[in-house]
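Notes follow the structure.
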Amino acid sequence: MAVRKIKADVYYVGAIDWHRRLFDSLIPTPDGTTYNAYLIKGKAKTALIDTVDPSKEAELLRNLDDAGVGSLDYIVSNHAEQDHSGLVGKMATLHPEAKIVTNAKCKEFLMDLLLVPGDRFMVVADGDTLELGGKTLKFMLAPWVHWPETMFTYLVEDKILFPCDFLGAHLAPAELLVESVDTFYEAAKRYYAEIMMPFRTSVTKHLERLSGIEIAMVAPSHGPIHTKPASIMKAYGEWASDRVKNEVVIPYVSMHGSTQRMVDHLTDRLIERQIAVKPFDMVATDLGKLAMALVDAATIVIAAPTVLVGPHPLAVYAAYLANALRPKTRFAGVIGSYGWGTKMVDTIKAQLPNLKVELLTPVVIKGYPKADDLKSLDTLADEILEKHRKAGIVTSLA
Ligand code: FEO
């Protein structure tokens, strides 16, 4: 991405990655992403806020050159993950007078992960400021969005918040500056679900702190810059809240059709009860869509056939992911089939220690579902409806 002026003496110098389709060798990024870096030219000093993924080194260097940067005085590192910090050491080498400005925990990580020498750092604490000459950087420690060392930098005079990954999106945007999250709602929610949802409590805490600060612009480390920050903050507030929706997510796998028949039947019965259902075949599903569905759903039902006495490994994978993502889900169920014996319920339950859920009555059947088995699924649909009603999620009778 070319250099973009976003305010007087404040420039976007990051890189766009149109074709990246996987992050952390795990997370799908169907819309690409960006690695946002920012340049702030004070009257006396110049600071770079974060770098870019090492694969985009040439682009960052070209952008700094185009922006007329002869030398840097400060390299601010808000987050030690390598898609932002990967070139911190390189930039420090290219600018031998520059100090790497970050907090103590992030310094430790940068030394461990990137072998940056310790004598290059200027360590800041929460509330510390750095004068650049007409531009003042204020640092706010903001742990656990989504690593323990994450930090926000606030440009006081322009009221711009640089919150690293927080409030970002994996999106190669057509427009860098946006007013409303509605223009890229799915990408923003996907990003929240995949990256921030496990840290819902920290998200809420940081939103509360930011509500006391005047913020004209939010410039995160991925995706568009928010020129009306209330929009993305409101969306985060809703996603991170304890409020769940009248929805059931069903991650499932089927080998010979028995579990598929059970999932189809339960799906239909839930729809009849006016409960929104989102089934995900784990063989083909986009994990980001599954994560997004878990942001709001009141209930998760994991469905699997039995393989070697336990649940199919893809169902274990689904349970493991749900447990790691820590959604606010209230109820959890297990359905599936077996041939001659199974321990699927115990195995799947053991994968969910992080979820504060009430367990629903399992429906585990022998072979292909028969009339009585389907009735058990009807009863499960009734149980889910009743739980949702008692939780105040259903506002009208089905
Ligand atoms: Fe975009 Fe946590 O790095």
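A short reminder: the numbers here are calculations on the coordinates, not readings from a lab. Keep in mind the model is a prediction, meaning the values are calculated, not measured. Note: ideal-geometry Cβ built from the backbone for every residue, glycine included; neighbour counts use all protein chains shown.
Entry remark, region 51-68: residues being surrounded by 19 or more Cβ atoms within 10 Å (Cβ to Cβ) and either over 19 Å from the mean Cα position of the chain (by Cα) or more than 26 Å from residue 140 (Cβ to Cβ) (or both) number 6 in total. The strands (runs of 3 or more DSSP E) falling completely within region 25-123 that include 1 or more residues that are over 23 Å from residue 2 (Cβ atoms) map to 74-76, 99-102, 121-123. Note on region 244-263: residues that are in a strand (DSSP E or B) and under 10 Å from residue 281 (Cβ atoms) total 3. Of the residues that sit in region 61-77 and are under 24 Å from residue 118 (Cα atoms) and touching a strand residue (DSSP E or B) at 6+ places or on another chain (Cβ under 7 Å), which one is nearest to the ligand (Cβ to nearest atom)? For region 61-77, the residue satisfying everything is 77. Any idea which residue in region 78-97 is farthest from the ligand (Cβ to nearest atom), counting only those that are among the hydrophobic types (A, V, I, L, M, F, W, C), out of contact with any Ser or Thr (no Cβ under 6 Å at 6 or more places or on another chain) and free of Cβ contacts under 8 Å to residues at least 40 places away in the same chain? Only one residue tops the list, namely 94.
Taken together, 45, 41 contain a single residue that is surrounded by 17 or more Cβ atoms within 10 Å (Cβ to Cβ), under 26 Å from residue 117 (Cβ atoms), more than 15 Å from the ligand (Cβ to nearest atom) and touching a residue at least 60 places away in the same chain (Cβ under 8 Å), which is 45. When region 267-298 is filtered for residues that are small (Gly, Ala, Ser) and farther than 14 Å from residue 385 by Cβ, the ones remaining, listed by number, are 284, 288, 291, 293, 297. The single condition among (1) without any contact (Cβ under 8 Å) to a residue 60 or more places away in the chain; (2) small (Gly, Ala, Ser); (3) buried (at least 17 other Cβ atoms within 10 Å of the Cβ) that residue 174 does not satisfy is (3).
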